[in-house]
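Down below is the structure, laid out as structure tokens.
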Amino acid sequence: MHGRSTRLSGARNWTAPLAESLRAHAASGTDAEHTATLTVAAIEGAVAICRAERSTRPLDQASKDSDS
């Protein structure tokens, strides 16, 4: 259980500052939290797939998709 708690804490370490930055740039509180969570989840998921495929393709695609 300790590992899961550490991973969740790590995710909060990324989402909280991102949400704060989004709020500072005029996003509403709820939108900022949602966007920060979605962004971190997309990056973490892409990294996991990159490791499984031994390729940077998933991260490259996630990056391109976030630009649109």
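May I ask for the net charge around Ala32, where only other residues with Cβ less than 11 Å from the Cβ of Ala32 are counted and Lys, Arg are +1 while Asp, Glu are -1? Local charge sum for Ala32: -2.
Paramagnetic label reach from Glu53 (point 7 Å along Cα→Cβ; backbone nitrogen cut-off under 16 Å): within region 30-44, residues 42-44. Each part reduced to its alpha carbon centroid, region 31-62 and region 12-28 end up 18 Å apart.
Just so you know, all these numbers are worked out from the coordinates, no wet-lab data involved. Here the structure is a predicted model, which is why all the values come from computation and not from measurement. Every residue, glycine among them, receives a Cβ derived from its backbone with ideal geometry; neighbour counts consider all protein chains shown.
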